[in-house]
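> Before I ask anything, let me first share the structure, which is written out below as structure tokens.
Laboratory data are not the source of any read-out in this text; all were calculated from the coordinates shown. Fair warning: this is a prediction, and the values are worked out from it, not measured in the lab. Glycine also receives a Cβ, built like all others from the backbone with ideal geometry; neighbour counts cover every protein chain displayed.
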Amino acid sequence: MRIVIGFRAAIALAATLVITFTRPDTAALGLAIFAGFGLAQGLGTVAISFARKATSSLQKVAPQAAISLVAAIAALLALGTSANTQLTALQLLAMAYLVLHAAFETYLASRVGFKTVEGREHLIAAGLAELCTLIFVVLNPEPLNASGFLGAYLALSAVHQGIWAASPSKAD
């Protein structure tokens, strides 16, 4: 599971760097980056789980991979719409992704126990996603803001998941 978490951290970091250095001032670019992130995360985590023949890991990442892939496909479909629709789609897709991701992370935390190290890590991931969702709710809808806050979430997520993947397995 740590390899999958490390991979997810690397994908989030890559998307953060793209957002940071391309200055996505259009919703279309934000949607394209979000779609690339979702496709890479969804397909990559499933591929790693299959390659490692880890069925328990696959059961944990399959719902998140499905959420990522559906959001990525919806982002790709939204690229063919008007600029205003693209901005609305970027915000709604990002919020839907974050809410569903947070809900599943909370579910995983409850499965392993909230007092375990893994449970606390899942709760932190859920909290980061929910915090970013709240920011999207109160955010002034502009393409640079939406992409920037998505990039900020991905940066925090990359750091958290990177530390989680690199930490000792028996930290209790």
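> Can you give the net charge of the other residues whose Cβ lies under 15 Å from the Cβ of Q59, counting K and R as +1 and D and E as -1?
Residues near Q59 contribute +2 overall.
> While we're here: Restricting the calculation to Cα positions, tell me the Rg (one decimal) and the Dmax (whole number) of segment 79-172 in Å.
Calculated on Cα positions, Rg and Dmax stand at 15.4, 52 Å.
> Next question, about the same structure. Loop only per DSSP, at most 12 neighbouring Cβ atoms within 10 Å: give me the trypsin sites (Lys or Arg not before Pro) in segment 1-86, ordered by residue number.
Filter output for segment 1-86: K53.
> The list (i) 19.9; (ii) 9.1; (iii) 12.3 gives values of mean projected area of the Cα convex hull in nm², and only one came from this structure; which label was calculated from it?
Checked against the structure: label (ii).
> Length gain on complete extension for the stretch T116 to Q59, per 0.36 nm per residue less the alpha carbon to alpha carbon distance?
Result for the pair: 18.6 nm of gain on full extension.
> Less than 13 Å Cβ to Cβ from L87, Lys/Arg counted +1 and Asp/Glu -1: what total charge do the surrounding residues give?
Neighbour charge sum, excluding L87 itself: -2.
> Excluding L108 itself, what net charge comes from residues whose Cβ is under 15 Å from its Cβ, given Lys and Arg +1 and Asp and Glu -1?
My count for the surroundings of L108 gives +2.
> Starting from the 7 Å offset along Cα-to-Cβ, what nm value, one decimal, do you get for the label separation of R23 and Y107?
Roughly 4.2 nm, to one decimal.
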